[in-house]
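Peer 1: So that we are looking at the same thing, I have put the structure below in structure tokens.
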Amino acid sequence: MQTPGEFVTGQVRSVRDKVDQLAGSVAETVAAEAQQVSSVRSQVGEYIREQRSAARVSLRELARTAGVSNPYLSQVERGLRKPSAEILAAIAKGLQISAETLYEQAGILDRRAGNPDTVAAIRSDDQLSERHKAVLLELYETYVREHAATAPDGAVPRPPATTHDRTPGTPPAPNPSKESA
């Protein structure tokens, strides 16, 4: 038979073992999350550096236009700092790219639906303003979502034939809105 002291000692030992086990599990989870956050930080930093190099903008010049210090921007590019959404928007403005692009790289926004090449082409078109790019991307994403939902097996259905698509010599299809008028 156990004495009350032995019983309490056994219970304390059992609780300590459970706490140690849980602490180890929590530490592993925290380490994995920290690694993931670090990966996202370096990803957005690398992307900013690539965009800055492509735009031929110096670190100092981008820092000035974004309203951040040179050391801070350097730390962002090296993945040592995680910039806020406001800082990302300022950096995007300085690079003349959409803030949405940086938000996606930073994991703040989910990637858009559709072909990544099409999305990249819209974003990289210098002839479009940021507003026009955003509108085109929204329209494109809506089109992709709607047609993927209505098509069997995710295939995009072919649009209805227009007068340009009909075989020469065949009459054009009647337009119901003109007939009812």
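The values are calculated or read from the model by the stated rules, or taken from the named source; none is laboratory data. Quick caveat, the model's predicted, so the values are computed rather than measured. As a convention, Cβ positions derive from the backbone with ideal geometry for all residues, glycine included, and neighbour counts pool all protein chains shown. Heavy atoms of the whole protein, side chains included, go into the accessibility calculation; ligands, DNA and RNA do not. Shrake-Rupley method; radii C 1.70, N 1.55, O 1.52, S 1.80 Å.
Peer 1: How much length is gained on full extension from residue 7 to residue 109, taking 0.36 nm per residue of separation minus their Cα-Cα distance?
Peer 2: Details: separation 102, 0.36 × 102 = 36.72 nm, distance 5.43 nm.
Once the chain is fully extended between residue 7 and residue 109, it gains 31.3 nm.
Peer 1: Roughly how many Å² is the accessible area per residue of the range 88-136, as a whole number, for a 1.4 Å probe? Before the final figure, lay out each step's value.
Peer 2: On the way: 2850 Å² over 49 residues.
About 58 Å² of surface per residue is accessible.
Peer 1: Can you give me the pair-distance distribution of the range 54-116, C-alpha pairs, 5 Å bins, whole percents?
Peer 2: P(r) for the range 54-116, in whole percents per bin: 4, 18, 27, 27, 14, 7, 3, 1.
Peer 1: May I ask you to derive the FRET efficiency for residue 129 and residue 58 from their Cβ-Cβ distance with R0 = 25 Å, giving the value to the nearest 0.05?
Peer 2: Values: r = 25 Å, r/R0 = 0.99.
After rounding to 0.05, the efficiency reads 0.50.
Peer 1: Just to confirm a number: summing +1 for Lys and Arg and -1 for Asp and Glu over residues other than residue 66 whose beta-carbon lies under 14 angstrom from that of residue 66, what do you get?
Peer 2: Net local charge, residue 66 excluded: +3.
Peer 1: How do the peptides 3-11, 44-52 rank, highest first, by the average count of neighbouring beta carbon atoms within 10 Å per residue? Write down the numbers at each step before the final one.
Peer 2: On the way: 3-11: 9.8, 44-52: 19.1.
Put in order of decreasing packing, that is 44-52, 3-11.
Peer 1: Still on this model: Set the Förster distance to 30 Å, then compute FRET efficiency between residue 93 and residue 117 from the Cβ-Cβ distance, nearest 0.05. If you can, show how the numbers build up before the last one.
Peer 2: On the way: r = 25 Å, r/R0 = 0.84.
Between residue 93 and residue 117 the formula returns 0.75.
Peer 1: Another one. Any idea which of 68, 83, 47 is furthest toward the positive side of the dipole for the range 45-115, if Lys and Arg beta-carbons carry +1 and Asp and Glu beta-carbons -1?
Peer 2: Value: 68.
Peer 1: Please report the projected area of the range 81-150's Cα convex hull averaged over all directions, in nm². List each step's numbers first, then the result.
Peer 2: Working: hull surface 19.8 nm².
One quarter of the hull surface, i.e. the mean projection, equals 4.9 nm².
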